[in-house]
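Any read-out appearing in this document is the output of simple, stated calculations on the displayed coordinates, not a laboratory observation. Nothing here was measured: the structure is a model prediction, and the numbers come from that model. As a convention, Cβ positions derive from the backbone with ideal geometry for all residues, glycine included, and neighbour counts pool all protein chains shown.
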Amino acid sequence: MARTEPGTSSLIDLIESLPDLGATWGPAVTTETMLNGVPYAPYSKGDKLGRMADWTADLKDGRDGRGGRQQYNRNYRDQQVYGAGSASLFAAPVAEDESAFSVVSNVRDSTKTRFGRGAIFARGRGQRGGRGDARGGAGGRGGQQFQRTGRGGQQYGGGYDGGRGGQGGGPGGVRGRRFGWKDYDKPTRNRDASISIEADWKLLEEIDYNRLAKLNLETDEGEDIDSYGFLNYYDRSYDKQPVKTADRKLTVLDRAAYNVTTSSDPVIQELADKDEATIFATDSILSMLMCSTRSVYSWDIVIVRHGNKIFFDKRDNAALDMVTVNENAADAPLEASEGSKDNINQPIALAEEATYINHNFANQVVLDNDQKVEMTHENPFYNAAEETAPPASKAYKYRRFDLSTSEEDPVYLVVRTELDAVQKNAISGDDQFVKVHALNEFDNKAQGSGGALDWRTKLVSQRGAVVATEMKNNSCKLARWTVQSILAKADVMKLGFVSRANPKNNDKHVVLGVVGWKPRDFANQMNLQLSNGWGIVRTIADMCLKREDGKYILVKDPNKNILRLYEIPAASFDDDAEEEGDVIEEEGEGEGEGEEE
């Protein structure tokens, strides 16, 4: 009998009991997917396998064994413990869509700012009570254009539901927090509306600037219907480089000028009777509506629907008749209610001063002689028997624009445009129509100056910087002037630079210089899109045309970038005129009785 070593038989029995694995190595191949009744999954797809085994980490009690959450380990901050994604093992599997995968670049953004990589800070309306202006003016409006194509490739943005939308600013798109020195200490802007909203007014629509900025309607250049008045020639001596020691004083010339509203214009009444158009307006009212997304101050436009016609009117002494100053500046002039103690530099006082300057400047820069260009008809508003002053150099051109979106539904607009002077072309010698306006400087060191340069020292050497600053601080005003020039088909737009003789006195002014531009070129510099303005006009007109005959009013919210359309009683704004007439009659009767006695 063979002798065996102790324990050898048990080892042999153990080896013989092992299954025959053949040529394979490792555990036996099996099709089982269950391990003691539990689905077997060694790891999840979300796991990052760092170490093969980590005996120092305890997922249940935390790294320090105190039962807290897994602690941060700076040595292995880019690794995850094996099994960290085990919480999702028993979740229902999500079908993977191979088409949803895309290649993503791992290249980091190399753009750096002084606040860190990719830091972007935008200015916010909330810091100034909903102003909506931006550094650099109201130039490019953010957002894609929503358009529908009509006849002849015309694009007209429609689809208004009139609901309250976001109140983003106009031109630079989205606005956020504005960082500046002592922002917390700046007063909150709470301006008054241009007109008080009455209790019997019915709110019909609320339109925010974001929606207005998406409207688009392509139109033609318009056609002339008729012309009235006359034009004097422009004095080219004002185009010479200004001399610091010989400033020209702004003088007051007594000339009869008129600002008649649309429905009171006898020529427009005649054109309406002939069914020449559906929409009627003046260039002042129309430019305010077309540039409404750049406006900050409150204004209002009265809209009258009569039959199938729309008349855009203004009230007497309306806000849009005034020339604003630094309306779009980052830190606009303060009103008395906002803590301003400087009376002559408050918005109302500055607007009156600017309106006075523009009226007198246009009369001063033309040659007062017999050489003039006569239009087809005489001035329709001048009555020689009643007026004591001679008429101002002014031509009224009534022009028609096609706002149709389809041939089946033609819509035309007639607008009364104005021209101020005429000049000879230096090359061809032909007459060129001129629009004249004036920018005014009140005090470049005062609050509300908007960082303006000193015109007396910088207008000659840094004229581009001076104009760029004015484009930023007076974006709405300059846009309106440009639109009026394009509507009138003016060849040249003259901008005068008028400053106070003494910054502390707003009664005396001097003319520092005049610069001329082609209106279309100036519009391109301001990023002014007329197609957007025409889209706004057509949209507002459609809102009124789909309603019954009556009177409406469009009001710009004084503190938000919103336009509101109200339906108002038909007799609104007529009572004041009647009351004034009654007072005059009573006074006249009293005087007569006194004389009889």
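Near ASP430: Cβ cut-off under 12 Å, other residues only, Lys/Arg at +1 and Asp/Glu at -1. The net charge is -1. Dividing the mean sequence gap of close Cα pairs (under 8 Å, 6+ apart) by how many residues segment 442-523 holds gives a relative contact order of 26 percent.
Remark: for residue pairs LYS214/LYS556; LYS394/LYS494; LYS240/LYS477; LYS214/LYS397; LYS240/LYS508; LYS394/LYS424, the C-alpha separation exceeds 20 Å in LYS240/LYS477; LYS214/LYS397; LYS240/LYS508. For the pair LEU11 and LEU204, label points projected 7 Å from Cα toward Cβ lie 10.5 nm apart. Taking Lys and Arg as +1 and Asp and Glu as -1, the other residues whose beta-carbon sits under 10 Å from that of THR262 total 0.
Highest mean packing comes first when the peptides 515-527, 475-487, 396-408 are listed by Cβ atoms within 10 Å, giving 475-487, 396-408, 515-527. Note on segment 415-544: percent of Cα-Cα distances in each 10 Å bin, starting at 0 and stopping at the bin with the largest distance, equals 11, 36, 32, 17, 4, 0.
Just how many % of Cα pairs in segment 340-472 lie over 22 Å apart, if you round to the nearest whole percent? Tail of the P(r) past 22 Å holds 61 percent of the pairs. Based on alpha carbons, the Rg and Dmax found for segment 285-415 are 19.5, 59 Å. Residues of segment 484-522 falling in the label zone of LYS445, defined by backbone nitrogen less than 17 Å from a point 7 Å along Cα to beta-carbon, are 500-506. Measuring spread by the Cα atoms of segment 244-313 yields a radius of gyration and Dmax of 17.6, 61 Å.
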